[in-house]
1. Which condition from (1) in contact with a Phe, Trp or Tyr (Cβ under 9 Å, 6 or more places away or on another chain); (2) open to solvent by 80 Å² or more (accessible area, probe 1.4 Å); (3) modelled with pLDDT under 95 is the one that L9 breaks?
2. Kindly provide the set of residues from segment 24-48 that are open to solvent by 40 Å² or more (accessible area, probe 1.4 Å) and in contact with an Asp or Glu (Cβ under 7 Å, 6 or more places away or on another chain), ordered by number.
Amino acid sequence: MKRVLVLMLAAAALPLALEAETWKNVSLMDTMCAAKDAMKAEPDSHPTKCALQCQGSGFGVLTADGSFLKFDKAGNDQAVAALKATKKSDHLRVTVQGDRKGNEIQVKSVDLD
């Protein structure tokens, strides 16, 4: 009986474990610039032009607590596409859905706000 109860609880918890996290209205930044204290202090001043020039270093988001979470390849590709499509010159805020693995996000979607 205990085994059945444990299996039922595990099965019920599985969908919660598989649900992606969402980061809303966070600063999109290339990895190279995210390492600079000046950019971390004022992430909204980070220009689109710089982000595209530094795209080889990869992208990620600067969270509210000051952490930088890197994107996987899929996230980097989506970030580049969003940056190329935008008319914004700075204030690069995004909503990201994905699974966090340590300091990296396995990205499902990146939407420029």
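1. For L9, the exception is condition (1).
2. N25, D44, S45, P47
Residues checked against (1) among the hydroxyl-bearing types (S, T, Y); (2) at pLDDT 95 or above; (3) open to solvent by 70 Å² or more (accessible area, probe 1.4 Å); (4) within 12 Å of W23 (Cα to Cα):
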site: C50; (1), (2), (3), (4): no, yes, no, no
site: F59; (1), (2), (3), (4): no, yes, no, no
site: N76; (1), (2), (3), (4): no, yes, no, no
site: A81; (1), (2), (3), (4): no, yes, no, no
site: K88; (1), (2), (3), (4): no, yes, no, no
site: L92; (1), (2), (3), (4): no, yes, no, no
site: G98; (1), (2), (3), (4): no, yes, no, yes
site: Q106; (1), (2), (3), (4): no, yes, yes, no
site: D111; (1), (2), (3), (4): no, yes, yes, yes
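The values are calculated or read from the model by the stated rules, or taken from the named source; none is laboratory data. Keep in mind it's a predicted model, so treat the numbers as computed, not measured. Glycine gets a Cβ as well: all are built from the backbone with ideal geometry, and neighbour counts include every protein chain shown. To get the accessible areas, we keep the full protein, side chains included, count just its heavy atoms, and leave off ligands, DNA and RNA. Shrake-Rupley method; radii C 1.70, N 1.55, O 1.52, S 1.80 Å.
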